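Undergrad: Dropping the structure in here first, questions after.
Nothing in this text is a laboratory measurement; each read-out follows from the coordinates by a stated rule. Since this is a predicted model, take the numbers as computed values, not measurements. Cβ sites come from the backbone with ideal geometry, for glycine too, and all protein chains shown count toward neighbours.
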Amino acid sequence: MYLNWYERLQEETWTDGDGTTTPVAEMDPRHARNVLAWIERQHEGIARAATAALRDVPLPPFHTHAYDEVSVSADAEAAAILADPLAWLAQTPLVQALAHRAALYIGRNVRRLPQPA
């Protein structure tokens, strides 16, 4: 199944391997943490897929100023993604939403840790 990772990362929903889409705000915080860990492990492939999706961006007619602007913008975005995939991913709406949701799990479990004497 072809995934447009660039578009997928712009949404605050998670689609699992079975194709079930869940708004991040409704996810169990532990699940959000697990998805974040998975994204981190897969970051290189996700970055390559996101840059490949940028090559498929619809372009305006060739001999126009708009064509140059869109083309240059897509190339610059692809370069930024590949230069530091983890930093780029951290700025995407999906990863930010997952981190926010996962913080609820982390905060809940930190309070349960034994306190220093």
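Undergrad: Which residue fluctuates most in the GNM of the chain (Cα springs below 10 Å): LEU94, LEU86, LEU36?
TA: In the Gaussian network model the winner is LEU86.
Undergrad: Highest first, please rank the peptides 57-63, 6-12 by the mean number of other Cβ atoms sitting within 10 Å of their residues.
TA: Highest to lowest by the protection proxy: 6-12, 57-63.
Undergrad: Just to be sure I understand: with springs between alpha-carbon atoms less than 10 Å apart, which residue in ALA53, ALA76, ALA25 has the highest mean-square fluctuation in the Gaussian network model of the chain?
TA: ALA76
Undergrad: For the range 21-35, in order, what is each residue's ³J(HN,Hα) by Karplus, 6.51 cos²θ - 1.76 cosθ + 1.60 with θ = phi - 60°, in whole Hz (x at glycine and Pro)?
TA: Using θ = phi - 60°, the values come out as 9, 10, x, 4, 4, 9, 6, 5, x, 5, 4, 4, 4, 5, 5 Hz.
Undergrad: While we're on this one: Which of ILE81, ILE46, ILE106 moves most in a GNM of the chain, Cα contacts under 10 Å?
TA: Result for the chain, Cα springs under 10 Å: ILE106 fluctuates most.
Undergrad: Roughly speaking, what is the stretch gain from ASN4 to THR21, that is 0.36 nm per residue apart minus the C-alpha to C-alpha distance, in nm to one decimal?
TA: On the way: separation 17, 0.36 × 17 = 6.12 nm, distance 1.45 nm.
Using 0.36 nm per residue and subtracting the Cα-Cα distance, I get 4.7 nm.
Undergrad: Non-local amide H neighbours of THR13 (under 5 Å, H modeled in plane, Pro and chain starts lacking H): which ones?
TA: Here VAL24 satisfy the definition.
Undergrad: How far apart, in nanometres, would the label points at GLU12 and PHE62 be if each is projected 7 angstrom from Cα along the Cα-to-Cβ direction?
TA: Placing both labels 7 Å beyond Cα along the Cβ direction yields 4.2 nm.
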